[in-house]
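The structure appears right after this line, and notes come after that.
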Amino acid sequence: MTLQTTALSEDDTAIIARLKRPSFAGIDRVQRRRQFWIAMLFLAPAVILTTFVLLAPILFNVWLSFTKWKKFTGLDQFAGLANYTNLLNNPQFGEASTNAVIWVTASLVLPVGLGLIFALSLRGLPFENTLKTIIFLPRVIAPTSIGVIWFYVYAPKGLLNAGIEAVSGAPVDIGWLYQDNTIMASIVVTYLWQNVGLVMVLLLLGLAAIPKDPIEAARMDGATPWQVFVHIVLPLLLPTLLVVSMLSIIAGFGAFDLLWVMGLGYPGRRTLSLSVYMYFEGFSKGSWAYAAAIAVVLGAITLVVTWAQAWLQVRADGLKG
Amino acid sequence: MKTLLSRAIFGACLGAMSAITAIADEVILTHDKAFYSTFLQAVGDVCGFKEQAYTPPEQFKAFVQSSIASGQTPEMFTWWSGATFRDEMVATGQIAQLDDLWAELIANGSFTAASADPFTVDGHKYALPLAFNKWVMFYNPTLFAKAGITGEPKTWDEMMADADTLKAAGITPFVATNQDGWRGFIWFEEIMIRLSPEKYLGLFDGTTSYSDPVVHQAFQMWSDMYAKGYFSDPRSNQEVVDFAGGGGAMNLMGDWAVGLLTQAGMEVGKTLDAFVVPNVSADTPAGMIYEASPLMISVEAAKNPAVMDAMRCWASDEGATVWANTSGLFMGNLNAPAPNAIVPKINKFSIDNNAALYSRWWEGVPADLQGDSVAAFASFMLNPTMEQADKVIAQVTGLHDAYWAEHK
Amino acid sequence: MAAKFIDDQTGEVLPFVPKDLMPLLSRRSWAILILAGICAVLWLVPFWYLGISVFKTTEEYTFSGPLGLPSSLRPLWGNMIEAWTAADMGSAFLNSAIYGVVGAGLAVFFAAMAAYALTRLHFRGRGFWFMLIFLGTIFPFQMFLIPLFFGYSKLGIINTQAGMILLYVAIAIPFPTLVLKNHMAQMSIEMDEAARIDGAGEFRVFWSIILPNCAGSLVALFLLQFTWIWNDLLFSMVLGNRPEIRSVMNALQVFQGNYTSTGPNVALTASLLASVPPVLAFVFLRRHFMEGLKV
């Protein structure tokens, strides 16, 4: 808090105005201290805001997950691992976790696979830029808007059923977003539509960074395009694929908008994913501590994925170099 | 730069402070019924409070729960009656007793003593009624006439026969949807009280298990009605429009829906009327589902005369009249005009038949189980086979048996 | 990483299928082109559906079905008015605009200040301070929700514009800090050294030398963060639900339930309107986006 008050004081700004940055060699102790405080002034808004609005809540959330915080009373008795054992014993948590894994896997494999195909095959085609722009277009729309649009695409009297009717000639009445066996696939398709453009662009970035020489050389030696792709392009593209995949996984576990908006009429909406389940337990049922534990599980998953990415990144870089 | 920055920070602080003080000045009624906002404000203009809506209900609940948890109970707010009112809300100790106010209201004859029952916990009264609603079968007389039906059904079998007639005339008998995710219990509770009110009430305290044969029978009847094509598409998310637009002849709903239905173009007496669903067996006593919405104040706010005045005014003839005229809702004040022709008709039925009033399923069951159970009912409506019913029954039985094993 | 492929005018293409080695359009290319064309059409179908639906009245939508073409363009205006009134989109737009502009603006400015300190000033523990700021983006948003909800309730800033801005500023700081730190680290130190020798203070150096030199990145980052804030649904649902406070994304939910008697045509019109600002931000400043990502 002292930093905040200093940020506005006349004296310190005067110091900043007067102070010239000396060459580092000849820095004396007083000047070094001044440098430190000037730096603190520059850092203060960012550090204060992120500490109090982002980091403190995370710590509070972790603490909360070990308490017995009840709705209304807010009694914060320490409860040890009770919330976590409840998690493991609750079939809904199992359902939500299973769905989350299915969702994350599908929302990773399909966009990356299709994105790679687009990135590789659109190159050099006529209308290349137009095609790329069209594929990227959904990414520009707000996710909530996308959810609403596709909610009506999948509606019983919606676009998809009408389209199938027009093609098949028979009446179709599938509630895509109301049935256990279709809802997840339907939302994944929407997610694919929304995100494949971004994945494609990121992979194109990776492709553009690949040196031409080894490819030229391989072609001279008579390698087929497929051999070139598998033996040269793919290994060089690996680091990019890795980053894109890890980002997809993290985004997948946190995904909320589409699942929430499109799951509106589905009785199992709450267990569509861990992120939705956490929102339900906390903000609908008032099981705050339990919901905090779900959030911690999500946080732990994210940390593991981030760590794994860093580790694999080092290995992939080693492989490349 | 410095001045710009400090001005920005100063401005932000000032803005935040003025926002807080603006709220502190007036008596605020916090609620989750955004569709009543203008009606509530009409009463507020007379009674000196300002309404403030939080939607959807989930966020409102979260807001109230966290406010109470952090010791800042809203001064005047709405809630739900039943288990959550008794076991959760009043149990916080933050809700002011209104025994004196009720004594006044009963003494001057504007309310019956019984109308305080839903808000009484351990002999003390903790709320005024925002509305006191009964659940009825709305029907469209024009569509009934089109199918050649005259008069309202007096027995369950007559109602089913009417449904057959309507179906034969190409009219969907009942509009029933899962809109907003909470409507799954409506038909379940209605069939239950028509079959066995005792078993129904037993669901609330664990004396009836959901594995009881009566529950199974209720699902069987419900499933049969679906099989005969009596119901509209449960996946619609515009129930009011469906019914008002002639998408079905009947709609089971609280009498609070009159306002919504007339807004959507229906006309009471011409295209809109209502009857109380008849019992399956003639031996069962007359009864119907009620829904009472409490209006409460915090212990802290009860010390503020402005808040007490607003509450007194709410229940007064003047307040109740404005409320009835704007919202079309009946709060229980006998001196207020009937908000529409349907409310007195249902009240008359209630008095003539000495009808028992049963709490809605939503308010009756433990609050922690509401959401999960109603989602299970909704899954039945989407797949109304007995196979699914057995799954739903097993699921709900599991939830409730586990709860009652822990809370006996 | 170069971003040249984005405009692609440079012809800097990956040559594992070199153009010059192939006939201009081989049979295989034709097949790919046709497949790509089909994909593109499929990708456009939802847009086409959106495009025709906003020109239909509710009756028209119900009776002509989702495939039918609208009979006139006039219903758009009525749909817009209904969307505007049913969900109070006017104040929602204003709120989202305030959150987006003030939130992203302050966040990028604070991030630039932090990045300046981290790259131009010499003091101990730079890594620590950077990690402290950056740590905020590592965790999933779900971890913030409950504590912020309680904290905001306690401070009385829940459901206030000031509260929403506070959150959006904070959450939008770490990413620009990372990008700007990398950018500023690449900028030559000579020009600010020269300015310091001429007697300029650190704020002067920051304001008149460093900031103008990062203008492209600043604009790009502002747009990115603006779009993120505009599109946010989760925090708006938790911290800002009152009709006067809620954002556009939150207001969109009104059309999906809550007793409003509007048809899909109105909901679709509203979702189209809600996406106009992010689309504009993207279209007009596409180049800035890409420049910002380049670093």
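What to note about this one:
- Summing Cβ point charges (Lys, Arg +1; Asp, Glu -1) relative to the Cα centre of segment B:99-255 gives a dipole of roughly 560 debye.
- Highest mean packing first, where packing is the average number of other Cβ atoms within 10 Å per residue, the peptides A:189-196, A:108-115 line up as A:189-196, A:108-115.
- Residue order, fewest to most beta carbons within 10 Å, for B:LYS154, A:LYS132, B:LYS50: B:LYS154, B:LYS50, A:LYS132
- Neighbour counting of Cβ atoms within 10 Å sorts the residues B:TRP256, C:TRP30, fewest neighbours leading, into C:TRP30, B:TRP256.
- Distance between segment B:234-257 and segment C:217-287 - C-alpha centres, whole angstrom: 30 Å
- Between A:ALA166 and A:VAL314, the modelled label-to-label distance comes to 5.6 nm, taking each label 7 Å out from Cα in the direction of the beta carbon.
- Contact order, relative form, for chain A: 25 percent (alpha carbon pairs under 8 Å, 6 or more residues apart, mean separation divided by residue count).
- Averaged over peptide C:193-201, the number of partner chain Cβ atoms lying within 10 Å of each residue's Cβ comes to 3.
- Simple Cβ-charge dipole of chain A, Lys/Arg +1 and Asp/Glu -1, about Cα centre, in debye nearest 20: 800 debye
- Kyte-Doolittle at least -1.0, axis length at least 30 Å by Cα - qualifying DSSP helices, chain C: C:27-53, C:89-120
- Inter-chain Cβ neighbour count for C:118-130, averaged per residue, equals 4 (cutoff 10 Å, partner chain atoms only).
- The residue among A:PRO126, C:VAL276, B:LEU143 whose Cα reaches farthest toward the positive pole of the charge dipole of the protein assembly as shown, with charges on the beta-carbon of Lys, Arg, Asp and Glu, is A:PRO126.
- Approximate spin-label separation B:THR262-A:LEU234, in nm, with each point projected 7 Å along Cα-to-Cβ: 7.2 nm
- Number of Lys pairs (Cα under 17 Å; 8 or more positions apart or on different chains) in chain A: 4
- Given +1 at the Cβ of Lys and Arg, -1 at the Cβ of Asp and Glu and no other charges, the dipole of the protein assembly as shown around its Cα centre is 3980 debye to the nearest 20.
- Residue among A:ALA106, A:PRO239, A:ALA223 farthest towards the positive dipole end of chain A, charges placed on Cβ: A:PRO239
- Peptide B:366-372 has a mean shielding of 3, counted as Cβ atoms of other protein chains within 10 Å of each residue's Cβ.
- Counted charge near B:ASP233, where neighbours are those whose Cβ lies closer than 14 Å (Asp, Glu -1; Lys, Arg +1): 0
- The listed peptides C:210-222, B:345-357, ordered by packing as a protection proxy, come out as C:210-222, B:345-357 (highest mean of other Cβ atoms within 10 Å first).
- Relative contact order (%) - chain B, alpha-carbon pairs under 8 angstrom, separation at least six: 26 percent
- Helix B:342-352 and the longest principal axis of the C-alpha atoms of chain B enclose an angle of approximately 70°.
- Order of C:ARG246, A:ARG315, C:ARG126 under a 10 Å beta carbon neighbour criterion, fewest first: A:ARG315, C:ARG126, C:ARG246
- For segment B:264-328, applying the loop criterion from DSSP together with a ceiling of 15 other beta carbons within 10 Å to the trypsin sites (Lys or Arg not before Pro) yields B:LYS270.
- Estimated from helices alone, the mean residue ellipticity of chain C at 222 nm is -21000 deg cm²/dmol (sum of -39500 (n - 2.57) over DSSP H runs with n ≥ 4, per residue).
- Simple spin-label estimate for B:MET386 and C:ARG27 in nanometres, 7 Å along Cα-Cβ: 6.2 nm
- Gyration tensor (alpha-carbon) shape descriptor, chain C, a/c threshold 1.5: oblate
- Compared with the dominant Cα axis of chain B, that is its longest principal axis, helix B:213-227 is turned about 80°.
- Residue among B:GLN263, B:GLY181, B:VAL322 farthest towards the positive dipole end of chain B, charges placed on Cβ: B:GLN263
- Taking the helices alone, chain B has a mean residue ellipticity at 222 nm of -15000 deg cm²/dmol, built from -39,500 (n - 2.57) per DSSP H run of at least 4 residues and averaged over all its residues.
- Exposed GluC sites (Glu not before Pro) absent - longest run of chain B, DSSP non-H/G/I/E/B, at most 16 other C-beta within 10 Å: B:27-266
Where a number appears in this text, it was derived from the coordinates with a stated rule and is not lab data. Since we're looking at a predicted model, the values are computed, not measured. Positions of Cβ are backbone-derived with ideal geometry, glycine not excepted, and every protein chain shown enters the neighbour counts.
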